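Structure, as structure tokens:
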Amino acid sequence: MPQRHPVIIITGTPGTGKSTHAQLLQDASPVPLKHINVGQLVKDNSFHHGFDQQWQSYTVDEDKLLDELEPLASAGGIILDWHTCEIFPERWADLVVVLRCNHTMLWERLEKRNYPLKKIEENNEAEIMEVVLQEARDSYPQQIIVDLKSESSQDLENNVASIVEWINQWLKDNGHEDEDEDNNL
């Protein structure tokens, strides 16, 4: 049975606004979408091999994580919010949104989160080198990847509106054109 709602991956370097975008998109979507903060899912369900003190992050058990997400992705109607995207099988993704941010602004955002200097430097370098964008380009068809600037509240508003437009088009293209009207009854 084909999925009734899309799977949207929102990715980007930490501090680019993934969770904020995902939450606002969930609220604005014309169809029900479940926001899954993948990092939180990993922590809450112990889908990891422990905490790496050097990198100040969990070493993810990819098999456990993907086993948990597979039925959700197959059903559709989810937003996967994580700092990387290459782990997710190509067949899952209908849209991959890569959020980007000026590295100076990113540095300030990560400082406000009290990230250790090493982690700020690592994430800033990843943003400058477009690591997450390149991961997306290497993992998914180009036509489903969208690279969006995420530096201001106006960017946030415009990005969510653009993704909602994409959802409406996806619904039409997949034979669900009346679905958004059905959900508003």
ask   = Which pairs in the list K43/K172; K149/K172; K43/K118; K18/K64 are over 32 Å apart, alpha-carbon to alpha-carbon?
value = K43/K172
query = Going by accessible area, probe 1.4 Å, with all protein chains left in place, what is the ranking of D61, D44, largest first?
reply = D44, D61
remark   = The set of residues whose placed amide H lies less than 5 Å from the amide H of H48, leaving out same-chain residues fewer than 5 positions away, is D61
note = Rounded to the nearest 10 degrees, the helix 62-75 long axis (Cα) sits at an angle to the longest Cα principal axis of the chain of 20
task = Please give the residues of segment 1-26, grouped as numeric ranges, whose backbone N is less than 13 Å from a label point set 7 Å along the Cα-to-Cβ vector of M105.
result = 15-18
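With N residues in the chain, what two-decimal value do you get for its Cα radius of gyration over 2.2 N^0.38 Å? Before the final figure, lay out each step's value.
Working: Rg = 16.6 Å, N = 185, 2.2 N^0.38 = 16.0 Å.
Scaled against compact globular proteins, the figure is 1.04.
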ask   = When the Karplus curve 6.51 cos²θ - 1.76 cosθ + 1.60 is applied with θ = phi - 60°, which whole-Hz ³J(HN,Hα) does each residue of segment 125-139 get, with x for Gly and Pro?
value = 5, 4, 5, 4, 7, 6, 4, 5, 4, 5, 4, 5, 5, 7, 10
query = With every protein chain left in place, what is the accessible area of D147 in Å² (1.4 Å probe, nearest 10)?
reply = 70
Residue-span extension gain [Q154 to I128] - 0.36 nm each, minus C-alpha spacing = 7.1 nm
message = Just to check I understand the Karplus step: with θ = phi - 60° and J = 6.51 cos²θ - 1.76 cosθ + 1.60, what whole-Hz values come out for segment 170-176, glycine and proline as x?
response = 4, 4, 5, 5, 10, x, 10
Contact order normalised by residue count of the chain, Cα under 8 Å, 6+ apart, percent = 32
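The values are calculated or read from the model by the stated rules, or taken from the named source; none is laboratory data. Here the structure is a predicted model, which is why all the values come from computation and not from measurement. Note that each Cβ is placed from the backbone with ideal geometry, even for glycine, and that neighbours are counted across all protein chains shown. With ligands, DNA and RNA removed, areas are computed over all heavy atoms of the protein, side chains included. Shrake-Rupley method; radii C 1.70, N 1.55, O 1.52, S 1.80 Å.
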